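Structure in structure tokens, see below.
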Amino acid sequence: MLRALKLEPERCTGCLQCEMACSFENEQLFNPSKSRIKVFNFHDDGRFAPYTCTQCAEAWCLHSCPVEAIVINARTGAKEVLEDICVGCKVCTIACPFGTVNYNHDTGKVQKCDLCGGQPACAEACPTGAITYVDIDQTGLDRMRAHAQRSLGASA
Amino acid sequence: MGWTRNVMRVNLTAGTIKREPLNMDWASQYLGQRGLASKYLVEEIDPKVDPLSPENKLIFTTGPLTGTMASTGGRYSVVTKGPLTGAIACSNSGGFMGAELKNAGWDMIICEGKSPKPVYLYVENDHAELMDASGIWGKSIWDADHILHARHQDPLIRIAAVGRAAEQGCLFSAIVNDLHRAAGRSGVGTVMASKNVKALVVRGTKGVGNIKDPKAFMQAVNAGKKVLADNAVTGQGLPKYGTQVLMNVINEIGAMPTRNMREVQFEGASKISGEAMHEVRASDGRANLVTNAACFGCTIACGRISVIDKNHYTIVNKPQYWGASGGLEYEAAWALGSDTGVSDLEALTYANFLCNEDGLDPITLGSTIAAAMELYETGLITREHTGGLELKFGSAEALTKLTELTCRGEGFGRDIGLGSKRLCEKYGRPELSMSVKGLEFPAYDPRGIQGMGLAYATSNRGACHLRGYTVASEVLGIPVKTDPLVTDGKAELVKAFQDATSVVDSTGLCVFTTFAWTLNDIQPQIAAACEGDWSLEKLLEMGERIWNMERMFNNAAGFTAKDDTLPGRLLSEAAQTGPAKGKANDLHKMLPEYYRVRGWTPEGEPLQATRTRLGL
């Protein structure tokens with residue numbers, strides 16, 4: 001079963017455990033500035049939102065890459081950057097409508113979420129369930145259940 | 001290793017900045033943050049130095065776990081000699097500044113001397129520079145934050161700053177980072193402003209590594225996170241109600257200091273409680289509380305984000321206060337509320353916003369206003385002094401107006417800015433200051449919680465709950481329940497809490513973890529991250545060493561056993577209601593025993609044998 005990261009901003013407290021887990025997994029350092037998932041703080045509204053690559057089916061980054069350094073991992077569905085091939089031209093960072101591919105000047109390559117090969121560290125680290133890794137075809141299941149419950153006037 | 005091993009030394013007088021290696025001998029004895037920076041301070045300054053002179057130093061310090069994934073590992077402290085007390089001051093803050101500083105590659109910043117003109121310190125990884133602060137001097141912390149973000153065109157910089165109160169010499173000014181997290185107590189912001197430093201601006205992208213055993217570290221971190229999640233206080237109570245979970249609990253046991261500590265229960269407590277912050281207001285259909293929020297790396301997330309009712313008289317036509325911002329924590333709610341007799345939740349939230357906006361310690365502010373209200377009642381302070389303001393207990397208008405004036409250093413706000421000790425001396429009734437060594441009490445009345453009386457009397461930074469929180473044992477039963485109304489065994493209990501807290505404050509972790517964690521949960525995280533022997537025994541000995549070192553600094557600064565006391569009110573005026581009815585604090589039964597278990601002389605001086613044992 002393919003899975004996807006499901007992000008629920010209303011559960012996020014802005015603790016950045018996900019950013020540290022991501023950078024530790026990929027850089028062996030606790031370094032939010034190198035994280036592929038980012039948490040945004042909309043201060044005056046009192047709201048937080050984690051955001052990362054949604055692994056588009058028709059991935060702009062993949063199609064735009066002139067050297068075919070971005071490939072699909074058939075097992076996870078993730079669009080992964082092949083560091084050996086990436087030339088750091090940054091065209092993918094322009095092509096991505098969501099800003100989730102970014103250049104890393106330390107390596108001279110781009111970096112993006114690769115779902116950690118099927119065990120996303122961010123989801124494991126999140127203390128509130130704001131980031132979960134669920135059936136890619138059922139990301140709306142919880143929301144549907146909540147609405148169904150409301151329409152019935154049922155209790156959980 | 002945990003440490004970056006880099007110390008930044010900023011000579012403000014000369015305008016120079018140098019890197020020096022962290023003293024690893026000291027690090028092996030004092031670990032980091034509170035312990036290690038206090039060691040630097042006591043080695044580098046004369047204990048008798050005037051806290052607001054260039055000869056005092058101001059140290060920003062992280063711990064070895066700051067910036068790591070250890071839950072709550074985002075803390076930093078500011079260590080200096082405090083202007084309110086004349087004692088050693090260590091003030092701890094969360095938010096995101098500590099981790100940013102560590103990510104920039106620094107364990108510590110030592111500021112010495114005094115800049116000839118207002119400056120701010122800009123740090124971007126290895127690059128550090130003193131920059132002209134003329135455009136932000138005279139501005140509030142919130143305005144300065146906005147201006148600095150615009151000037152540097154970088155949304156990711158982190159800012160810690162002082163407000164107008166500090167510039168105007170208010171003695172209990174805080175250093176506020178990330179708009180509403182604060183190194184709040186004992187006037188560390190006043191020291192910063194006295195050095196003509198308006199702000200610390202940091203951007204760190206180097207990451208925090210050098211973990212001795214990464215695999216063992218992540219195992220210990222994950223085990224610790226699970227303990228916090230499974231505990232009723234850290235897993236449920238604090239996320240839902242914040243520290244305000246305590247308001248109704250402490251009121252019920254008769255330990256809620258009320259109206260300048262004349263009473264021990266507040267009739268308005270439920271109206272200003274954590275539960276009340278969840279209630280939907282009839283006026284605008286919203287609750288005071290918008291959400292809970294975490295500091296860096298924290299899996300508890302006790303922070304309160306609140307919104308004031310736009311129709312409330314305090315903020316009509318003031319759109320700068322219409323957005324969500326840092327809401328009431330228990331200490332602020334108590335000091336601004338019950339101690340002044342004010343039960344208007346919106347007014348308290350507004351006063352709290354002001355404390356964040358201009359950097360005031362809300363505990364000292366509320367207590368000083370409460371003392372002024374009692375002086376007003378006695379007729380020693382009149383409307384002539386206050387500019388026409390009626391300082392009656394329970395007056396939300398008096399509270400909010402005085403807070404505004406204190407923030408700006410205007411009118412009677414200048415007198416409030418002295419703190420309660422100097423205010424009460426000025427108006428001829430020094431005994432009405434509810435303070436120890438010049439620092440005002442926090443929210444636990446020592447008549448209803450006897451051990452806290454001893455903890456306050458002996459705290460190295462003056463009356464403070466964060467130096468030995470025996471409330472945990474006496475009220476909440478953590479780690480074991482003791483009777484809050486008896487004094488037996490409290491000397492040992494206070495010592496144990498003081499030593500353990502000295503350890504926690506030296507790690508980079510938050511002391512609130514200890515609602516669930518003991519040192520048994522913390523030790524594996526330290527041992528896996530840091531080089532050297534970090535057994536439980538060594539950590540406990542280190543905690544005791546830190547406590548004694550701070551004590552010896554204070555003794556050398558001129559404090560004696562006479563200063564280990566409480567105001568007469570708490571020693572002789574019995575509680576009139578609640579479970580502690582008829583009881584005052586029996587400090588005299590605990591203090592000699594405390595000196596004995598500490599290995600101190602009856603005059604409160606560490607014995608030579610104690611000093612030798614601890615390597616002091």
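Give me the Kirkwood hydrodynamic radius of region A:3-155 in Å, from all C-alpha pairs, to one decimal place?
16.5
Could you run the Karplus curve 6.51 cos²θ - 1.76 cosθ + 1.60 with θ = phi - 60° over region B:291-299 and give me ³J(HN,Hα) per residue in whole Hz, x for Gly and Pro?
6, 8, 8, 9, 7, 3, x, 8, 9
Can you tell me the dipole magnitude for region B:229-328 around its Cα centre, using point charges on the Cβ only (Lys, Arg +1; Asp, Glu -1), in Debye to the nearest 20?
For this selection, approximately 340 debye.
In addition: Quantify how much of the Cα-Cα distance distribution of region B:258-433 extends past 30 Å, in percent.
17
With springs only between Cα atoms under 10 Å, which of A:Gly118, A:Gly108, A:Gly46 fluctuates most in a Gaussian network model of chain A?
In the Gaussian network model the winner is A:Gly46.
Give the interface area between chains A and B as buried accessible surface, both sides summed, probe 1.4 Å, in Å² to the nearest 100.
Using a 1.4 Å probe, the pair buries roughly 2000 Å².
Note down the net charge around B:Phe559, summing +1 for each Lys or Arg and -1 for each Asp or Glu among other residues with Cβ under 13 Å from its Cβ.
Neighbour charge sum, excluding B:Phe559 itself: +1.
From the phi of every residue in region B:529-543, what ³J(HN,Hα) in whole Hz does the Karplus formula 6.51 cos²θ - 1.76 cosθ + 1.60 yield, where θ is phi - 60° and glycine or proline is x?
Those phi angles translate into 8, 10, 5, x, 8, 10, 6, 4, 4, 5, 5, 4, 5, 5, x Hz.
Just tell me the longest site-free run in chain B, where the sites are chymotrypsin sites (Phe, Trp or Tyr not before Pro) in a DSSP loop having at most 15 other beta-carbon atoms within 10 Å.
Counting only loop sites that pass the neighbour cut-off, the longest clear stretch is B:1-312.
Accessible area of A:Lys90, 1.4 Å probe, to the nearest 10 Å²?
80
FRET efficiency for A:Val87 and A:Asp142, Cβ-Cβ distance as r, R0 = 51 Å, nearest 0.05?
FRET efficiency, A:Val87 to A:Asp142: 0.80.
Which residues' amide hydrogens lie under 5 Å from the amide hydrogen of B:Ala89, considering only partners 5 or more residues apart or on another chain, with H built in the peptide plane?
B:Thr80, B:Lys81, B:Gly82
Reported to two decimal places, what Rg/Rh ratio describes the protein assembly as shown when computed on Cα atoms with Rh from the Kirkwood expression?
Reported Rg/Rh (Cα atoms, Kirkwood Rh): 0.97.
For a quick check of understanding: with a 1.4 angstrom probe and all protein chains in place, what accessible area in square angstrom does B:Thr487 have, to the nearest ten?
Approximately 20 Å² for this residue.
Next up: Can you give the direction-averaged projected area of the convex hull of the alpha-carbon atoms in region B:14-123, in nm²?
7.4
Scale the Cα Rg of region A:1-90 by the rule-of-thumb value 2.2 N^0.38 Å and send over the ratio, two decimals.
In units of the globular-protein estimate, region A:1-90 measures up at 1.24.
Loop-only trypsin sites (Lys or Arg not before Pro) in region A:1-77, please: DSSP not H, G, I, E or B, and at most 11 other Cβ atoms within 10 Å.
Answer by residue number: A:Arg75.
Enumerate the amide H contacts of A:Tyr133 below 5 Å, restricted to partners 5 or more residues apart or on another chain; note that Pro and chain-start residues carry no placed amide H.
The list, which skips near neighbours in sequence, is A:Lys6.
What number, rounded to the nearest 500 deg cm²/dmol, is the helix-based mean residue ellipticity at 222 nm of chain B, given -39500 (n - 2.57) per DSSP H run of at least four residues and division by all its residues?
-10500 deg cm²/dmol
Now a separate question. Quote the Stokes-Einstein diffusion coefficient, in whole µm² s⁻¹, for region B:110-225, based on the Kirkwood radius over alpha carbon pairs, a temperature of 10 °C and a viscosity of 1.306 mPa s.
102
Helix A:17-27 versus the longest principal axis of chain A: what angle, 0 to 90°, nearest 10, using Cα atoms?
Result, in degrees: 30.
Also, I was wondering about something else. Compute for region B:6-203: radius of gyration divided by Kirkwood radius, i.e. Rg/Rh, restricted to C-alpha atoms, rounded to two decimals.
0.93
Name the residues whose placed amide hydrogens come within less than 5 Å of the amide hydrogen of A:Cys53, ignoring near sequence neighbours (fewer than 5 apart) on the same chain.
A:Cys113
For region B:194-312, what is Rg from Cα atoms divided by 2.2 N^0.38 Å, rounded to two decimals?
1.48
Could I ask something else about it? Looking at chain A as a GNM with Cα springs under 10 Å, which of A:Leu141, A:Leu16, A:Leu29 has the largest mean-square fluctuation?
Maximum among the listed residues: A:Leu141.
Charges on Cβ only, +1 for Lys and Arg, -1 for Asp and Glu, centred on the Cα centroid of chain B; of B:Gly86, B:Asn248, B:Ala463, which one is farthest towards the dipole's positive end?
The one lying farthest along the dipole's positive direction is B:Gly86.
Another one. So if the hydrodynamic radius of region B:485-616 is defined as the Kirkwood radius over C-alpha pairs, what does Stokes-Einstein give as its diffusion coefficient at 37 °C and 0.692 mPa s, in µm² per second?
Diffusion coefficient, whole number: 196 µm²/s.
Each residue of region B:105-117 in turn: what ³J(HN,Hα) in whole Hz from Karplus with 6.51, -1.76, 1.60 and θ = phi - 60°, glycine and Pro shown as x?
My calculation for region B:105-117 gives x, 10, 7, 7, 10, 9, 9, 10, x, 8, 6, x, 9 Hz in order.
Just to confirm my numbers, what's the Cα centroid distance between region B:200-226 and region B:576-602 in Å?
41
Can you tell me the dipole magnitude for the protein assembly as shown around its Cα centre, using point charges on the Cβ only (Lys, Arg +1; Asp, Glu -1), in Debye to the nearest 20?
Here the protein assembly as shown has a charge dipole of around 260 debye.
Same structure again: Given the protein assembly as shown, what percent of its DSSP beta bridges are antiparallel, to the nearest 5?
Bridges in the protein assembly as shown are about 85 percent antiparallel.
Continuing with this model, one more query. Checking a compactness column here: for chain B, what do you get for Rg(Cα) / (2.2 N^0.38 Å), N being the number of residues?
0.89
Just by accessible area at a 1.4 angstrom probe, what is the order of B:Glu537, B:Glu397 from largest to smallest?
Ranked list, largest accessible area first: B:Glu537, B:Glu397.
Using the crude model of +1 on Lys and Arg Cβ and -1 on Asp and Glu Cβ, and no other charge, please compute the dipole size for chain A relative to its Cα centre, in debye to 20.
Dipole of chain A, to the nearest 20 debye: 320 debye.
Now a separate question. If I build a Gaussian network model for chain A, linking alpha-carbon pairs within less than 10 angstrom, which residue out of A:Ala21, A:Ala121, A:Ala95 has the largest mean-square fluctuation?
In the Gaussian network model the winner is A:Ala95.
Under the definition of Cα pairs under 8 Å and six or more residues apart, what whole-number percent is the relative contact order of region B:444-614?
With pairs under 8 Å counted, the relative contact order is 26 percent.
Calculate what fraction, in whole %, of the accessible area of chain B sits on carbon and sulfur atoms when a 1.4 Å probe is rolled over the protein chains.
Carbon and sulfur atoms account for 52 percent of the accessible area of chain B.
Can you give the accessible area of B:Val10 in Å² (nearest 10), computed on protein heavy atoms with a 1.4 Å probe?
Using a 1.4 Å probe on the heavy atoms, I get roughly 0 Å².
The values are calculated or read from the model by the stated rules, or taken from the named source; none is laboratory data. The shown structure was predicted, so the numbers you read here are calculated from the model rather than taken from an experiment. Note: ideal-geometry Cβ built from the backbone for every residue, glycine included; neighbour counts use all protein chains shown. Calculation scope for accessible area: heavy atoms of the full protein, side chains included, ligands and nucleic acids excluded. Shrake-Rupley method; radii C 1.70, N 1.55, O 1.52, S 1.80 Å.
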